[in-house]
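The values are calculated or read from the model by the stated rules, or taken from the named source; none is laboratory data. Remember, predicted model here, so these are calculated numbers, not experimental data. With ideal geometry, Cβ positions are generated from the backbone for all residues, glycine too; neighbour counts draw on all protein chains shown.
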Amino acid sequence: MSKQCAQVAVLMGSASDWGIVKETVDTLKKFGVTVEAKVISAHRTPDLASEFSKNARSCGYKVIIAAAGGAAHLAGVIAAHTTLPVIGIPIYTSSLNGLDSLLSTVQMPGGIPVGTMAVGKSGAVNAAIFAVQMLSLSDKSLEDKLNQYKEDLKKSVIEGDAKIQSDLSE
C-alpha cells in the first residue's frame, strides 16, 4: 500500500532556502493544511525531481510549491512532469538580488504554467495563501479560515490607522 502524502508539497532547491521556505510551511500549518517539505534540486538531483513530480498526484498531493534561487529551474522542471498546480517562489540571491530567480521562475514556455510569487518572504507567505485558496475551492473550512484571515488583515490596517490618528492628535 502506498503512503498517503500531505495536501501540499513544498520543495526547495537547496537546504539554504529553508529560512524563506519555512515561512510557507508555517503559513500553511496556521490554516491546518498538511504539508511536507523536501530538498530536491532541478540540477543536482534531476532524476529525483522528475520522479517526485511524476508520482505527486498519485501520492495525494494537491498543490506543489517550489522555491529556488539563481537559475531557479525547480518549479519549471516540476511543472513539466505533473498536471498539479505548481507555485514558484524565487529566492533572493546576492549577485542579482533575486532578479535572476524571478525571471527564471516566471519565464515559462506556453503549456507549462508556474504561478510565480514575489521574491523572498512575502512570496513565501503568498505562495501558501495561494495554495490555501486553491484548496478552499473544495473545502468549506478552509474558505472560512481564509475569510477570517482577510478580516484580520483588514482589522490590523484599521487599528494601525487609528494609532497613527491618535499619535497625530497628541
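Identify all residues within the range 119-143 that are of a type in the set (Gly, Ala, Ser), in contact with a Phe, Trp or Tyr (Cβ under 9 Å, 6 or more places away or on another chain) and part of a loop (DSSP other than H, G, I, E, B); write none if there are none.
Selection gives Gly120 alone.
So which of Ala37, Ala6 is of a type in the set (A, V, I, L, M, F, W, C), at pLDDT 95 or above and either in a loop (DSSP other than H, G, I, E, B) or in contact with a Pro (Cβ under 7 Å, 6 or more places away or on another chain) (or both)?
Ala6
Out of Lys163, Lys145, report the one residue that is in contact (Cβ under 8 Å) with a residue 60 or more places away in the chain and over 25 Å from Ala42 (Cβ atoms). Give the derivation first.
Working: Lys163 fails: in contact (Cβ under 8 Å) with a residue 60 or more places away in the chain.
The conditions single out Lys145.
Out of (1) surrounded by 17 or more Cβ atoms within 10 Å (Cβ to Cβ); (2) touching a Gly at 6+ places or on another chain (Cβ under 9 Å); (3) not in a loop (DSSP other than H, G, I, E, B), what's the single condition that is false for Ala42?
(3)
Give the residue, chosen from Ala79, Ala75, Ala56, Ala67, that is of a type outside the set (Ser, Thr, Tyr), buried (at least 24 other Cβ atoms within 10 Å of the Cβ), in a helix (DSSP H, G or I) and touching a strand residue (DSSP E or B) at 6+ places or on another chain (Cβ under 7 Å).
The unique qualifying residue is Ala75.
Pull up the range 101-118, narrow it to residues that are in contact with a Ser or Thr (Cβ under 9 Å, 6 or more places away or on another chain) and outside any loop (DSSP other than H, G, I, E, B), then point me to the one that is surrounded by the fewest Cβ atoms within 10 Å (Cβ to Cβ).
Checking each candidate, the answer is Val106.
Taking the range 82-100 only, how many residues are under 15 Å from the mean Cα position of the chain (by Cα) and either part of a loop (DSSP other than H, G, I, E, B) or modelled with pLDDT under 95 (or both)?
3
Give the number of residues within the range 115-135 that are free of Cβ contacts under 8 Å to residues at least 40 places away in the same chain and either aliphatic (A, V, I, L, M) or outside the structural domain of Ile78 (by TED's automatic domain parsing) (or both).
Going through the range 115-135 one residue at a time, the tally reaches 3.
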